[in-house]
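These notes concern the structure reproduced below.
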Amino acid sequence: MEFQSTINLLALVLLPFVVPKIWEACWIFLLRPWMITRRFKKQGISGPKYRFIYGNLKEIKKMKKEAKGWVLDPNSNDIFPRVFPHYHQWMSQYGETFLYWNGTKPTLFISDLELGKQILSSKLGFAVIAKTRPEVLMLFGKGLSFIEGDDWVRHRRILNPAFSMDRLKVMTKEMVNCTLRMLEEWRIQKNGEEVVLRMEINKDFHRLISDIIATTAFGSSYEEGIELFRSQSELEEYFVASLTSVFISGTQYLPTPTNLQLWKLDKKVKDSIKRMIDARLKSSSNNYGDDLLGIMLKAATSEEPAKMMRMDEIIEECKAIYFSGQGNSAILLTWTMLLLSLHQDWQEKLREEVFNEWGKDTIPDSDTFTKLKLMNLVLMESLRLYGPVIKLVREATKDMKIGHLDIPKGTSIIIQSLKMHTDKAVWGEDAKQFNPLRFENGVSKAANHPNALLPFSVGPRTCIAQNFAMMETKTVLTMILQRFRISLSPEYKHTPVDKFNLYPQYGLPVMLQPLDTSAQP
């Protein structure tokens with residue numbers, strides 16, 4: 001009897017804590033999905049059925065795994081079904097706008113350009129992608145991409161001068177020097193009498209862009225930051241794997257094997273950045289330099305709250321710049337190389353344009369890049385067909401109405417830029433073909449909608465570093481075209497894949513033929 005009394009007493013004590021948790025679980029896993037599905041159904045929006053806890057993640061994982069076995073024709077730019085097989089299938093079943101479930105997270109898929117523009121341009125309360133997963137902030141940093149409100153305004157105001165056109169002109173010299181180092185390595189790799197150099201160029205581009213960012217933004221180098229880059233690459237693998245796995249809030253604090261490894265990698269990244277910051281602090285008195293790191297360190301000493309950054313904020317912004325900057329520019333270069341390898345006529349047009357402006361041996365400078373009209377057209381078309389950022393994600397922070405849609409609080413919204421960029425209703429019958437001339441009258445007139453191209457987003461959260469990314473891409477591309485003729489290796493498999501950004505699943509093996517076999521890089 002005494003034992004039973006103890007059990008009863010314990011039950012009474014725990015009841016106030018257990019009942020709310022049971023109710024919360026019922027709400028999250030059952031009632032809320034049912035209510036939100038019903039709410040969207042009344043608006044004529046349906047989608048794949050919600051599955052307990054997992055939502056549609058198992059279906060997504062299965063379809064993506066199957067799609068990874070497909071190899072496309074290299075001349076085909078119809079890559080959406082392979083990259084996003086689940087979206088492709090669900091669009092055919094449920095239409096251009098549908099609801100699906102990322103675990104217990106309601107997610108609204110939108111491929112309507114006008115709706116997408118309204119959401120991206122809105123200041124009414126759409127937040128960026130969900131911040132609950134530990135891999136997200138460890139990898140991308142809690143910088144401009146994730147902060148909101150006054151903090152975002154403060155960070156944007158502080159960082160803007162680092163990407164001004166005057167600063168870009170100064171940084172171009174370092175971009176050239178980094179590219180020359182890569183070209184010298186290519187020359188050394190070429191064996192004796194071998195005329196053609198075979199290489200997997202995607203890896204070289206990632207290393208090069210890492211070197212450019214380290215040098216121009218942080219006064220460092222790839223060699224000094226190699227541990228940081230390796231740790232971020234490992235974190236990226238965990239992040240990509242997490243995209244099709246269920247996340248339960250609170251588990252990020254448990255010492256699981258995965259979490260222990262994540263914490264270890266995150267510490268490595270932070271320690272690398274701290275060493276870089278300490279080196280700058282020791283080498284300077286009051287003037288920390290005019291690059292990105294210097295500007296942030298000056299802000300750390302500001303006495304005005306609106307112009308001040310804490311040291312932990314600086315570390316998070318460094319994470320963001322290193323990872324996002326490296327990935328986006330390297331991927332843009334990779335896919336542009338693919339397109340120029342497939343379209344030799346355009347490669348020759350660009351080379352002729354470069355020779356007309358600089359000749360074969362002159363080092364490029366920032367002022368002349370504005371004259372490279374054809375190169376700009378090719379880069380715009382590359383961003384349209386193979387833009388590194390293939391979807392944009394927002395989240396409703398309150399119940400909202402956009403266009404004809406009533407969107408409940410907490411709903412994620414996928415703005416599918418990869419699909420929008422090849423929509424025949426927007427770009428014409430040749431939407432899936434490589435045609436740089438569509439941009440000859442400007443981006444706003446290339447399609448029947450002025451904001452049809454969304455490689456760097458649109459609205460208040462447009463990428464702060466887009467001019468930097470375009471400048472380094474033009475620098476590298478120009479210097480390669482001056483020295484090499486690029487063609488596709490027979491080993492190449494056309495397998496674009498979603499790893500948050502658009503990657504070639506097996507890399508990009510190419511053949512580089514020196515234009516003058518006796519010339520030095």
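The values are calculated or read from the model by the stated rules, or taken from the named source; none is laboratory data. Bear in mind the structure is a predicted one, so any value in this text is a computation, not a measurement. Virtual Cβ from ideal backbone geometry, glycine too; neighbours counted across all protein chains shown.
The table below gives the values:
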read-out	value
Selection count where residues are surrounded by fewer than 22 Cβ atoms within 10 Å (Cβ to Cβ) and under 20 Å from Val510 (Cβ atoms), scope segment 162-192	12
Extreme residue, nearest to Phe355 (Cα to Cα), among residues of segment 371-382 that are within 25 Å of the chain's Cα centre (by Cα) and aliphatic (A, V, I, L, M)	Met375
Single condition Asn441 does not satisfy, out of (1) closer than 25 Å to Lys169 by Cα; (2) without any contact (Cβ under 8 Å) to a residue 24 or more places away in the chain	(1)
From Thr368, Thr362, Thr336, residue being among the polar types (S, T, N, Q) and either at positive phi or within 27 Å of the chain's Cα centre (by Cα) (or both)	Thr336
Top-ranked residue in segment 439-471 [being of a type in the set (D, E, K, R) and within 22 Å of Gln118 (Cβ to Cβ); ranked as surrounded by the most Cβ atoms within 10 Å (Cβ to Cβ)]	Arg461
Counted residues, segment 477-496 - those being surrounded by fewer than 18 Cβ atoms within 10 Å (Cβ to Cβ) and under 23 Å from the mean Cα position of the chain (by Cα)	1
From Gly387, Gly403, residue being in contact with a Pro (Cβ under 6 Å, 6 or more places away or on another chain) and closer than 29 Å to Thr107 by Cα	Gly387
Qualifying helices (runs of 4 or more DSSP H) (wholly inside segment 69-167; at least 1 residues being of a type in the set (Gly, Ala, Ser), assigned by the TED database to the domain that holds His404 and at pLDDT below 90)	113-121, 149-159
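Every residue, every condition in (1) in the same structural domain as Met276 (by the TED database); (2) assigned to a loop (DSSP other than H, G, I, E, B); (3) touching a Cys at 6+ places or on another chain (Cβ under 6 Å); (4) modelled with pLDDT under 75, yes or no:
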position	(1), (2), (3), (4)
Asn202	yes, no, no, no
His206	yes, no, no, no
Ile212	yes, no, yes, no
Ser220	yes, yes, no, no
Ile248	yes, yes, no, yes
Gln252	yes, no, no, no
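Per-residue answers, yes or no, for (1) under 22 Å from Leu392 (Cβ atoms); (2) free of Cβ contacts under 8 Å to residues at least 24 places away in the same chain; (3) in the same structural domain as Asn75 (by the TED database):
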| residue | (1), (2), (3) |
| --- | --- |
| Ala425 | yes, yes, yes |
| Gln433 | no, no, yes |
| Pro436 | no, no, yes |
| Ser457 | yes, no, yes |
